[in-house]
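Q: Take a look at this one; I'll ask things after.
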């Protein structure tokens, strides 16, 4: 296990999990249509994506619901002084139940425990404003507008950051 929250474990994705990961991606058709211009991914696509993320130093993990031992989401991240959260995706059957917020909070605690000072992420725009607002509600600030290139597709996006530590030297006590 990499980290956990009250209701989920976050563990590395194994080959035996790939079919479940395919199902999670394919349950998010709006994401797929916008990000890769397709309605579904295949087993091979997921394997190649996992290999690509690993070669870039990312951890690709499954989100395992504790009570039923079922994979309900995926998360890709890289922990460093500035940690990068590349993907947090929940199966559509578990969306809007608080899992995303719970997973993110556990990720943030994990990043802090690994001495990260900041978390950065890029939010693709123009398809689901709920995603942008989710990150605002979790304390992220908009940094800049960018263009991401994913699988040869240019996607308009917003870089967002959240500082995890206050500079205590700037705190004035009266």
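The values are calculated or read from the model by the stated rules, or taken from the named source; none is laboratory data. Just so you know, these numbers come straight off a predicted model, no measurement behind them. Positions of Cβ are backbone-derived with ideal geometry, glycine not excepted, and every protein chain shown enters the neighbour counts.
Q: With the structure loaded, tell me whether residue 10 is in contact (Cβ under 8 Å) with a residue 60 or more places away in the chain and outside any helix (DSSP H, G or I) or whether it fails that test.
A: On the way: in contact (Cβ under 8 Å) with a residue 60 or more places away in the chain: yes; outside any helix (DSSP H, G or I): yes.
Criteria met by residue 10.
Residue-by-condition table, conditions (1) surrounded by 13 or more Cβ atoms within 10 Å (Cβ to Cβ); (2) over 20 Å from residue 134 (Cα atoms); (3) in contact with a strand residue (DSSP E or B) (Cβ under 7 Å, 6 or more places away or on another chain):
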{"residue": "11", "(1), (2), (3)": "yes, yes, yes"}
{"residue": "48", "(1), (2), (3)": "yes, yes, no"}
{"residue": "60", "(1), (2), (3)": "yes, yes, yes"}
{"residue": "64", "(1), (2), (3)": "yes, yes, yes"}
{"residue": "71", "(1), (2), (3)": "yes, yes, yes"}
{"residue": "75", "(1), (2), (3)": "yes, no, yes"}
{"residue": "88", "(1), (2), (3)": "yes, no, yes"}
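Q: Answer yes if at least one residue in region 51-58 is within 24 Å of residue 147 (Cβ to Cβ) and in contact with a helix residue (DSSP H, G or I) (Cβ under 9 Å, 6 or more places away or on another chain), and no otherwise. Don't jump to the end; show me each part of the working.
A: Initially, region 51-58 is screened for residues within 24 Å of residue 147 (Cβ to Cβ), giving 52-53, 55-58.
From what is left, the residues that are in contact with a helix residue (DSSP H, G or I) (Cβ under 9 Å, 6 or more places away or on another chain) are 58.
Taking every residue of region 51-58 in turn, at least one turns out to be within 24 Å of residue 147 (Cβ to Cβ) and in contact with a helix residue (DSSP H, G or I) (Cβ under 9 Å, 6 or more places away or on another chain).
Q: Of everything in region 30-45, what is closer than 26 Å to residue 105 by Cα and either under 15 Å from the mean Cα position of the chain (by Cα) or free of Cβ contacts under 8 Å to residues at least 40 places away in the same chain (or both)? Give them in sequence order.
A: Pass one, region 30-45, residues closer than 26 Å to residue 105 by Cα: 30-32, 35.
Listed by number, the residues that qualify are 31, 32, 35.
Q: If you go through region 69-88 one residue at a time, how many are in contact (Cβ under 8 Å) with a residue 24 or more places away in the chain, touching a helix residue (DSSP H, G or I) at 6+ places or on another chain (Cβ under 6 Å) and under 21 Å from residue 46 (Cα atoms)?
A: Here the count works out to 3.
Q: Among the residues of region 13-37, how many are surrounded by 13 or more Cβ atoms within 10 Å (Cβ to Cβ) and not in a helix (DSSP H, G or I)?
A: Adding up the residues that qualify gives 3.
Q: Taking the condition modelled with pLDDT under 95, closer than 24 Å to residue 56 by Cα and in a strand (DSSP E or B), does residue 86 pass?
A: Values: modelled with pLDDT under 95: no; closer than 24 Å to residue 56 by Cα: yes; in a strand (DSSP E or B): yes.
Here the answer is no, as residue 86 does not meet what is asked.
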